[in-house]
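Working notes, beginning with the structure itself.
The values are calculated or read from the model by the stated rules, or taken from the named source; none is laboratory data. Model, not experiment: these values are computed from the prediction. Neighbour counts run over all protein chains shown; Cβ positions are idealised from the backbone, glycine included. These area figures cover heavy atoms from the full protein model, side chains too; ligands, DNA and RNA do not enter into them. Shrake-Rupley method; radii C 1.70, N 1.55, O 1.52, S 1.80 Å.
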Amino acid sequence: MRRLDMETIIICAVMAMAGAVGLVAGVAAFAGIQFQECDGAVLTGICLVLGGVMWGILLIFNSNPSTKRVKI
């Protein structure tokens with residue numbers, strides 16, 4: 001297993017948080033939920049949990065050296 005550089009870790013974290021916020025906002029818009037009626041702590045917790053899961057998935061997939069060998 002190769003070592004990940006700091007740039008990859010930070011980019012994965014930023015993309016995971018953006019994806020988590022986008023997923024929560026998309027589900028809320030699709031379900032017709034207004035953010036003014038929701039509890040802020042619950043929304044923050046959901047975003048953080050989703051972001052953590054997505055960050056872990058992104059780090060796992062970016063640490064696999066076989067995914068870097070694709071030639072286009």
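For first residues located in segment 44-60 and among the aromatic types (F, W, Y), partners that are modelled with pLDDT of 90 or more and surrounded by fewer than 18 Cβ atoms within 10 Å (Cβ to Cβ) and lie 6+ apart or on another chain with Cβ distances below 6 Å form the pairs W55/A13. Take V14 and decide whether it is within 14 Å of the chain's Cα centre (by Cα) and at pLDDT 90 or above. Spelling it out, V14 is indeed within 14 Å of the chain's Cα centre (by Cα) and at pLDDT 90 or above. Screening K68 with (1) more than 30 Å from D5 (Cα to Cα); (2) part of a helix (DSSP H, G or I); (3) modelled with pLDDT under 90 gives one miss only, at (1). Annotation: of all residues in segment 41-65 being open to solvent by 100 Å² or more (accessible area, probe 1.4 Å) and of a type outside the set (V, I, T), the one that is modelled with the lowest pLDDT is F61. Among the residues making up segment 24-38, those that are open to solvent by 70 Å² or more (accessible area, probe 1.4 Å) and in a helix (DSSP H, G or I) are V27, A29, F30, F35, Q36, E37.
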